[in-house]
Amino acid sequence: YVNGSATALVGGASDIDGLSDGYYDGRSIGLGSGALASDDGTNNDNTALGWNALSSNTSGDLNTGVGRSALEDVTTGIRHTAVGCNALKNVTVNHCNTALGYEAGQNITTGFNNTVIGRLHGSSNMYGTVLIGAGDTERLKIDSTGLYVNGSTTALAGGASDIDGLSDASYTSSSSSL
């Protein structure tokens, strides 16, 4: 019904899979031209929203891509989450990458267990790394070698391991003071 008309419109899709840019197989859903275009139709539990989001995915499962070309090249990778235009665009395999932001993590191809926030591209086989940026400026990096601040190439030295190791605190069994 349009503008109070008593006449229902006819035609059009009755479900998302009936849309020219929609895909639904009962467990995976895609909306946007090319979204989930290569999905094999098995129960992959993927969600794609945006032009070419997850477009190369065949059998990878539990992936979520939101934004133009988010997770575009993933084929068999699992448990990736990408939000933003070109976020994790070039990931093909592996698992558990998370990216938030325009082009976030777009250079990661085979890396896994990474989190990227901001317009930071990462590297192709990055592993177990957290990158946080302000735009495309790296502000924080945490990986197995240490914690790096503001693009530094030197890891911060270890800090206190307990409250007594802090210069402005002490601890006794009955109280603590700061």
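Restricted to region 89-111, and to residues there that are among the small types (G, A, S), on the phi < 0 side of the Ramachandran plot and in a loop (DSSP other than H, G, I, E, B), the residue that is modelled with the lowest pLDDT is G111. Each residue in region 1-42 was checked for being farther than 21 Å from V66 by Cβ, modelled with pLDDT under 90 and out of contact with any Phe, Trp or Tyr (no Cβ under 8 Å at 6 or more places or on another chain), and 12 of them qualify.
In the set D25, D15, D21, which member is surrounded by 14 or more Cβ atoms within 10 Å (Cβ to Cβ), of a type in the set (D, E, K, R), without any contact (Cβ under 8 Å) to a residue 24 or more places away in the chain and more than 30 Å from G122 (Cα to Cα)? Only one candidate passes the filter, namely D25. Screening N86, N52 for residues that are closer than 18 Å to G122 by Cβ, open to solvent by 20 Å² or more (accessible area, probe 1.4 Å) and modelled with pLDDT of 95 or more leaves exactly one candidate, N86. Just to be sure, is G146 over 19 Å from V93 (Cβ atoms) and surrounded by fewer than 18 Cβ atoms within 10 Å (Cβ to Cβ)? So G146 passes the test.
The values are calculated or read from the model by the stated rules, or taken from the named source; none is laboratory data. As the structure is a computational prediction, the values presented were derived from the model and not from experiment. Ideal geometry is used to build each Cβ from the backbone, glycine not excepted, and the neighbour counts take in all protein chains shown. These accessible areas exclude ligands, DNA and RNA; they are computed on the full protein's heavy atoms, side chains included. Shrake-Rupley method; radii C 1.70, N 1.55, O 1.52, S 1.80 Å.
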